[in-house]
Amino acid sequence: MLKKYYIRKQVEAGCDEAGRGCYAGPVFAAAVILPPKFYHADLNDSKQVPAEKREELRIFIEKNAVCYAVGMVDNDEIDVINILRASFKAMHIALDGLPVTPEALLVDGNRFTPYKNIPHYCIVEGDAIYASIAAASILAKTYRDAYMRQLHDEFPHYNWHKNKGYGTLEHRKAIEEHGICKYHRKSFNIITTQIELEF
């Protein structure tokens with residue numbers, strides 16, 4: 001069972017990102033504040049939850065959270081500031097969108113750029129430990145997946161509706177055949193020998 005809080009009786013926002021290791025598309029992040037009695041039996045790290053169940057959880061979280069917000073940093077900015085900073089920036093954007101100011105932040109991972117003067121706690125694999133981080137993980141993942149399905153309509157040969165921009169064999173073969181497009185992360189050195197195709 002996931003833990004409800006890090007420190008009892010403080011307003012905590014869970015933060016997590018999705019899409020950090022992708023070849024294409026933006027990185028998304030979510031910030032979520034949950035009520036003390038929040039519970040869903042299937043809530044877990046988004047990577048451990050089937051896609052169909054993630055969509056059910058997204059609706060449940062949005063309906064029952066105290067508040068939530070989602071942030072995004074696109075591939076062009078990722079190439080300029082690097083993916084780690086982009087992940088932190090996406091979390092900051094999400095936190096900016098919260099109508100309630102948290103007293104502490106629970107962040108998945110081992111590093112974070114401080115946000116305002118709010119104390120933060122980095123928790124490795126926190127999305128499998130704390131409910132608020134797991135909820136943020138679900139929202140970041142489902143919002144990003146929906147965004148990548150939209151991009152798929154523009155460039156269907158990469159099959160982003162399935163691989164969501166990750167470096168699957170299918171995606172790598174499509175890059176070999178078609179080159180990279182405007183949504184690929186150039187700084188990831190996806191290809192070294194091919195000339196970029198203009199779209």
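The values are calculated or read from the model by the stated rules, or taken from the named source; none is laboratory data. Since this is a predicted model, take the numbers as computed values, not measurements. A quick note on method: Cβ atoms are made from the backbone with ideal geometry, for glycine too, and the neighbour counts reach across all protein chains shown. Side chains included, ligands, DNA and RNA excluded: accessible areas come from the protein's heavy atoms. Shrake-Rupley method; radii C 1.70, N 1.55, O 1.52, S 1.80 Å.
Summary of values
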| read-out | value |
| --- | --- |
| Total charge dipole magnitude, region 87-199, about the Cα centre, Cβ charges on Lys, Arg, Asp, Glu only, Debye to nearest 20 | 100 |
| Gaussian network model of the chain, Cα within-10 Å springs - most flexible of 95, 84, 139 | 84 |
| MRE, 222 nm, helices only [DSSP H, n ≥ 4, -39500 (n - 2.57), over the chain, to nearest 500] | -11500 deg cm²/dmol |
| Lys/Arg +1, Asp/Glu -1 at C-beta; region 1-117 dipole; positive extreme among 13, 97, 87 | 13 |
| Per-pair calculated FRET efficiency, R0 = 25 Å: residue 153 and residue 176 via Cβ, rounded to 0.05 | 0.70 |
| Charged-residue dipole, Cβ positions (Lys, Arg, Asp, Glu), region 99-161 about Cα centre, Debye nearest 20 | 120 |
| For region 159-167, 3J(HN,Hα) per residue [Karplus equation, 6.51 cos²θ - 1.76 cosθ + 1.60, θ = phi - 60°, Hz, x = Gly/Pro] | 6, 5, 5, 9, 8, 6, x, 6, x |
| Within the chain: Cβ-based charge dipole about Cα centre, in debye rounded to nearest 20 (Lys, Arg +1; Asp, Glu -1) | 640 |
| Sparse-neighbour loop sites [trypsin sites (Lys or Arg not before Pro); region 1-91; at most 12 other C-beta within 10 Å; DSSP] | 8, 9, 37 |
| Fluctuation leader among 40, 171, 92 - the chain, Gaussian network, Cα springs under 10 angstrom | 40 |
| Accessible-area composition of region 102-199, carbon plus sulfur, in percent [1.4 Å probe] | 49 |
